[in-house]
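Can you keep this structure in mind? I'll have questions shortly.
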Amino acid sequence: MKPSTSVRTLLVVCLALGAGLGAKRASLRNAVQMAEAANRLLAALPAEQRARASFAFDAPDRTRFHFIPTETFARQGVTVGEMGPAQREAARSLLRTGLSQRGYMTATQIMETEGILAGLEGGRGQFVRDPERYFVSVFGTPSTSGSWGWRWEGHHLSLHFTVVEGAVTVSSPTFFGANPAEVLDGPYRGRRVLGRQEDAGRALLGSLDPAQRAVAVQTDVNPRDVLARVALDPDPLAPVGVEARALSPAQRELLMEIVHAYTDVMAPEIAALRLTRLEQAGLDNLRFAWAGGTKRGEMTYFRVQGPTFLVELSNTMNDPNHIHSGWREFGAEFGRDLLAAHMRQDH
């Protein structure tokens, strides 16, 4: 029997908090797997591609990111399409170290959706829609003791992982998008890559009583996109919306289902770290806010925000059938807080 959301929350948080040592060992195992996979990929690449895929850890490009097409945001690294079969499998093995099976399938389907979009546009668009036009980059020297990072990025997919001192893996910012959000025709008809995320928000909205709903729904005019965009230091948005402490136990489970939709896509060790940080900041401090239409098929936006993180989902374009969605962490992206703490300790 599938455990409830509250039980899953407890299990994952216990993994991270337990006795402390278990979480540290789990994080270390994940970092070791990443280092091994990254080194296998670099070793498999021809010299010219290896040079283009490798950057210094402090290269400015490490903290430069976006989710728009490459024509409007130039990227560095080596694309999956340039790789031979062996290199491509090595790259996908690296991707698997950062994601759960669910997350790997989500990322794969987002990339596949580029091919669907190419068919819908029929070559008439201004952008190249290529399921293999995703760039892989490694920053620093992958190891089990130092700090380094890697990135997998292209249209609608921006994944960043930073290993600090060989153990702690930071996974934000994280961005998932899909166009079309729901495939309306063809062999993939009915596919909704981010359906779980969107449906989780609607489920919580639908459970609210009139008083709660009046607090949660900010406006019937939705934002045009996610508000945090790609700011390196995203500002905490105004703490609006209905608070977790004002929800019933069943509604709190629905709120946590939204959170789990964004943590379950990560490798279990990374999901535990995300949930631990959230738990330490206080689950009662979470807020849920909604803007735009409340019916499926209408332009909608929602967010879940706590003291340390922000989840946003916007389905506002293409009638609407085009989702942008992200997980951001205040003051902690790219491991900047941890790296600064190590610098203060060492110097």
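Please work out which residue is surrounded by the fewest Cβ atoms within 10 Å (Cβ to Cβ), limiting yourself to region 200-236 and to residues that are assigned to a loop (DSSP other than H, G, I, E, B) and more than 26 Å from the chain's Cα centre (by Cα).
First, pick out the residues of region 200-236 that are assigned to a loop (DSSP other than H, G, I, E, B): 208-209, 220-236.
From what is left, the residues that are more than 26 Å from the chain's Cα centre (by Cα) are 208-209, 220.
Values: Leu208: 21, Asp209: 9, Asp220: 12.
The extreme case among them is Asp209.
Using the structure shown, decide if Arg102 is farther than 18 Å from Arg40 by Cβ, surrounded by fewer than 17 Cβ atoms within 10 Å (Cβ to Cβ) and not small (Gly, Ala, Ser).
Criteria met by Arg102.
Is there a residue being assigned to a loop (DSSP other than H, G, I, E, B), of a type in the set (A, V, I, L, M, F, W, C) and touching a Lys or Arg at 6+ places or on another chain (Cβ under 8 Å) anywhere in region 267-278? Before you say what the answer is, go through the steps one by one.
Going through region 267-278, the residues assigned to a loop (DSSP other than H, G, I, E, B) turn out to be 267.
The next check asks that each one be of a type in the set (A, V, I, L, M, F, W, C); those that pass are 267.
With touching a Lys or Arg at 6+ places or on another chain (Cβ under 8 Å) added as a condition, the list becomes none.
Among the residues of region 267-278, not one is assigned to a loop (DSSP other than H, G, I, E, B), of a type in the set (A, V, I, L, M, F, W, C) and touching a Lys or Arg at 6+ places or on another chain (Cβ under 8 Å), which makes the answer no.
Say we look at region 116-139 and pick out the residues that are closer than 17 Å to Gly186 by Cβ and of a type in the set (A, V, I, L, M, F, W, C); which of these is farthest from the chain's Cα centre (by Cα)?
Leu120
Kindly indicate the residue of region 165-194 that is of a type in the set (Val, Ile, Thr) and part of a loop (DSSP other than H, G, I, E, B) and also farthest from Gly326 (Cα to Cα) among those meeting that condition.
Ranking the qualifying residues of region 165-194, first place goes to Val183.
Give me a count of the residues in region 214-231 that are under 16 Å from Phe288 (Cβ atoms) and either in contact with a Leu (Cβ under 7 Å, 6 or more places away or on another chain) or touching a residue at least 24 places away in the same chain (Cβ under 8 Å) (or both).
Qualifying residue count for the region: 9.
Among the numbered conditions (1) surrounded by fewer than 23 Cβ atoms within 10 Å (Cβ to Cβ); (2) more than 19 Å from the chain's Cα centre (by Cα), tell me where Val242 comes up short.
Exception for Val242: condition (1).
Somewhere in region 117-135, is a residue closer than 19 Å to Ser172 by Cβ and among the small types (Gly, Ala, Ser)?
Checking region 117-135: not a single residue is closer than 19 Å to Ser172 by Cβ and among the small types (Gly, Ala, Ser).
Okay, moving on. May I ask you to say which residue of Thr308, Thr294 is among the hydroxyl-bearing types (Ser, Thr, Tyr), touching a residue at least 40 places away in the same chain (Cβ under 8 Å) and over 14 Å from Leu255 (Cα atoms)?
Only one candidate qualifies: Thr294.
Pairs only if they're at least six apart or on different chains, beta carbon under 7 angstrom, first in region 232-253 and farther than 24 Å from Ala332 by Cα, second in a loop (DSSP other than H, G, I, E, B); list them, first residue then second.
Between residues of region 232-253 that are farther than 24 Å from Ala332 by Cα and residues that are in a loop (DSSP other than H, G, I, E, B), the close pairs are Val242/Leu208; Glu253/Ser4.
If I ask for residues that are closer than 22 Å to Asp61 by Cβ and either of a type outside the set (D, E, K, R) or surrounded by 17 or more Cβ atoms within 10 Å (Cβ to Cβ) (or both), which ones from region 122-138 would you list?
Phe127, Val128, Asp130, Arg133, Tyr134, Phe135, Val136, Ser137, Val138
Of all residues in region 74-92, count the ones that are of a type in the set (S, T, N, Q) and more than 19 Å from Gln33 (Cβ to Cβ).
Taking region 74-92 as the starting set, the residues that turn out to be of a type in the set (S, T, N, Q) are 76, 79, 87.
If we keep only those that are more than 19 Å from Gln33 (Cβ to Cβ) as well, we get 76, 79.
So the count comes out to 2.
Test each condition in (1) at pLDDT below 95; (2) among the acidic types (Asp, Glu); (3) in a helix (DSSP H, G or I) for Glu257 and report the one that comes out false.
(1)
OK, next. Of all the residues that make up region 164-199, how many are buried (at least 19 other Cβ atoms within 10 Å of the Cβ), farther than 23 Å from Glu257 by Cα and modelled with pLDDT of 95 or more?
3
Here is a yes/no grid of residues against (1) more than 19 Å from the chain's Cα centre (by Cα); (2) surrounded by fewer than 15 Cβ atoms within 10 Å (Cβ to Cβ):
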{"position": "Asp61", "(1), (2)": "no, yes"}
{"position": "Met83", "(1), (2)": "yes, no"}
{"position": "Ala90", "(1), (2)": "yes, no"}
{"position": "Ser93", "(1), (2)": "no, no"}
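The values are calculated or read from the model by the stated rules, or taken from the named source; none is laboratory data. Please read these numbers as outputs of a predicted model, since none were measured by experiment. Heads up, the Cβs are rebuilt from the backbone with ideal geometry, glycines too, and the neighbour counts pull from every protein chain shown.
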